[in-house]
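The values are calculated or read from the model by the stated rules, or taken from the named source; none is laboratory data. Every value quoted in this text rests on a predicted model; they were computed, and no experiment measured them. Positions of Cβ are generated from backbone atoms using ideal geometry, with glycine treated the same way; all protein chains shown enter the neighbour counts. SASA here: full protein model, heavy atoms, side chains in, ligands and nucleic acids out. Shrake-Rupley method; radii C 1.70, N 1.55, O 1.52, S 1.80 Å.
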Amino acid sequence: MLIVMKADATDSQVEAVVRIIQSLGYKPHSMRGATRTAIGITGNQGPVDPSHFENLPGVAEAIRVSKPYKLITLDLRPEKTVVRVGDAAIGGEELAIIAGPCAVESRSQAFAVAEAVRRSGARFFRGGAFKPRTSPYAFQGLGEEGLKILAEIREAYGLKIVTEALDEAGVDLVERYGDVIQIGARNMQNFSLLRRAGKSPLPVLLKRGLSATLDEWLLAAEYVMSEGNYQIILCERGIRTFAQHTRNTLDLAAIPAARRISHLPVIVDPSHGTGKNYFVTPLARAGVAVGADGLIIEVHDQPDQALSDGAQALNLPQYQQLVSEVRAIHEVITPASVA
Ligand code: PEP
Ligand code: MN
């Protein structure tokens, strides 16, 4: 059930609806939009009786939701969500660029890359302290020590820190040192992790799972939102197909497809999406051209020495070149053309 308030509904009328939802034992999710407020209802097992709401002052409509998602949908919030991270944003007018190494390997490596990321004008720094590696013998990340290096980078350069949490204890740590919780492709359906991130005050960057359909991906976002965290960024990072020329197949159609259903910002990861350095810039250009709100790019000061994902890392000059190219493309993508 979705309660749409009239455009001139007052705050106390919205409050009254919220209280009735709570008194029925359900959870209200109030979304204030540019033209009207809508209130999503979750926590109900069966259908909610619209007659509880229809005649309340300020209520325009009580709509039954037949789709599997209730909160990520444009029905609840027709305008795009802008995820704000301090004075930076994802989903606003500016193209968001999140860049940095796959993993924080050392203080000097992370600082060398961060300096270049700052110089490019990007607002977000990425770097894994906890790495989900296919092999248990591969470099697993520096753990909390890596997070401390990231916190120093935030301090030194004013960059916002995007870093992965592999489990619920990892969310506690990312909350202490970071700005955005990354949930990796392999964890997209780790429901206890999604619920924990849904209780966090930090925004969540939710990667698409390796074999996830659009609906599964959006429902993963719904898990986070149903706990009350509405600050989510969707990230297309490629899916597993029969193609062997790339590490994954970057599904760029997923960007307009997600946008058609959801108000959440969508970004593209051409690094994991292709797995090879020479594909990253062309697919980054394409991602911006299809209307992505941002990019997440792996960059390394010495890609051939990288402890993880070196093959897909851009070196510093390549990264700088990419940023100027995608900014130029973003300039000509008007909001109307990606509506
Ligand atoms: C990463 O960003 O380094 C990462 C592990 O990504 P994904 O979860 O998309 O594989
Ligand atoms: Mn990586």
Practice task
Would you check if Gln318 is open to solvent by 10 Å² or more (accessible area, probe 1.4 Å), away from ligand 2 (no atom under 12 Å from the Cβ), within 22 Å of Ala114 (Cβ to Cβ) and touching a residue at least 12 places away in the same chain (Cβ under 8 Å)?
Solution key: yes
Handout entry: Matching option when the condition is in a strand (DSSP E or B) and aliphatic (A, V, I, L, M), among Leu295, Leu264
Key = Leu295
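Residues checked against (1) crowded, with 18+ Cβ neighbours inside 10 Å; (2) in a strand (DSSP E or B); (3) of a type in the set (Val, Ile, Thr); (4) at negative phi:
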| position | (1), (2), (3), (4) |
| --- | --- |
| Asp8 | no, no, no, yes |
| Val14 | yes, no, yes, yes |
| Val17 | yes, no, yes, yes |
| Ala34 | no, no, no, yes |
| Ile39 | yes, yes, yes, yes |
| Pro47 | no, no, no, yes |
| Asn55 | no, no, no, yes |
| Lys67 | no, no, no, yes |
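Taking into account only those residues within segment 19-32 that are at negative phi and assigned to a loop (DSSP other than H, G, I, E, B), which is surrounded by the most Cβ atoms within 10 Å (Cβ to Cβ)? Break it down into steps so the answer makes sense when it comes.
To start, the set of residues in segment 19-32 that are at negative phi comprises 19-24, 26-32.
Within this subset, residues satisfying the condition of being assigned to a loop (DSSP other than H, G, I, E, B) are 24, 26.
Details: Leu24: 14, Tyr26: 17.
So the residue we want is Tyr26.
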Practice task
Please find, among Val162, Val174, the residue that is within 26 Å of Thr213 (Cα to Cα), among the aliphatic types (A, V, I, L, M) and either assigned to a helix (DSSP H, G or I) or modelled with pLDDT of 95 or more (or both).
Solution key: Val162
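With under 20 Å from Leu74 (Cα atoms), of a type in the set (A, V, I, L, M, F, W, C) and in contact with an Asp or Glu (Cβ under 7 Å, 6 or more places away or on another chain) as the only criterion, which of Ile296, Ile255, Ile261 stands out?
On the way: Ile296 fails: under 20 Å from Leu74 (Cα atoms); Ile261 fails: in contact with an Asp or Glu (Cβ under 7 Å, 6 or more places away or on another chain).
The conditions single out Ile255.
If we scan segment 111-134, do we find a residue that is among the polar types (S, T, N, Q) and more than 18 Å from the chain's Cα centre (by Cα)?
Within segment 111-134, the subset among the polar types (S, T, N, Q) is 120, 134.
Adding the requirement that they be more than 18 Å from the chain's Cα centre (by Cα) leaves 120, 134.
Yes; the residues of segment 111-134 include at least one that is among the polar types (S, T, N, Q) and more than 18 Å from the chain's Cα centre (by Cα).
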Practice task
Scan segment 116-130 and report the pairs whose first residue is more than 15 Å from ligand 2 (Cβ to nearest atom) and at pLDDT 95 or above and whose second residue is among the acidic types (Asp, Glu) and open to solvent by less than 10 Å² (accessible area, probe 1.4 Å), with Cβ atoms within less than 6 Å and a gap of 6+ or a chain change.
Solution key: none
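Here are Ala292, Ala253, Ala257: which of them is open to solvent by 50 Å² or more (accessible area, probe 1.4 Å), within 20 Å of the chain's Cα centre (by Cα) and under 17 Å from Arg208 (Cβ atoms)? So that I can check it myself, show each step before the final result.
Values: Ala292 fails: open to solvent by 50 Å² or more (accessible area, probe 1.4 Å); Ala257 fails: open to solvent by 50 Å² or more (accessible area, probe 1.4 Å).
One residue alone meets the criteria, Ala253.
Only one of these is surrounded by fewer than 22 Cβ atoms within 10 Å (Cβ to Cβ) and basic (Lys, Arg): Arg208, Arg176. Name it.
On the way: Arg208 fails: surrounded by fewer than 22 Cβ atoms within 10 Å (Cβ to Cβ).
Going through Arg208, Arg176 in turn, just one is surrounded by fewer than 22 Cβ atoms within 10 Å (Cβ to Cβ) and basic (Lys, Arg): Arg176.
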Practice task
Tell me which residues, restricted to segment 116-142, are over 14 Å from Tyr319 (Cα atoms), open to solvent by 10 Å² or more (accessible area, probe 1.4 Å) and not aromatic (Phe, Trp, Tyr).
Solution key: Arg123, Lys131, Pro132, Arg133, Thr134, Ser135, Pro136, Ala138, Gln140, Gly141, Leu142
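Specify which of the listed residues (Asp215, Asp269, Asp251) is away from ligand 1 (no atom under 16 Å from the Cβ) and of a type in the set (D, E, K, R). Talk me through it step by step, then tell me what you get.
On the way: Asp269 fails: away from ligand 1 (no atom under 16 Å from the Cβ); Asp251 fails: away from ligand 1 (no atom under 16 Å from the Cβ).
The conditions single out Asp215.
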Exercise for the section: Those residues that are closer than 21 Å to Pro270 by Cα and assigned to a loop (DSSP other than H, G, I, E, B), I need them from segment 195-222; list them, please. Expected result: Arg208, Gly209, Leu210, Ser211, Ala212, Thr213
Practice task
Please work out if Ala286 is out of contact with any Pro (no Cβ under 6 Å at 6 or more places or on another chain), open to solvent by 20 Å² or more (accessible area, probe 1.4 Å), of a type in the set (Gly, Ala, Ser) and within 16 Å of ligand 2 (Cβ to nearest atom).
Solution key: no
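Report, by residue number, each residue of segment 214-236 that is charged (D, E, K, R) and surrounded by 24 or more Cβ atoms within 10 Å (Cβ to Cβ). Can you show your working first?
At the first step, the residues of segment 214-236 found to be charged (D, E, K, R) are 215-216, 222, 227, 236.
Correct list: Glu236 only.
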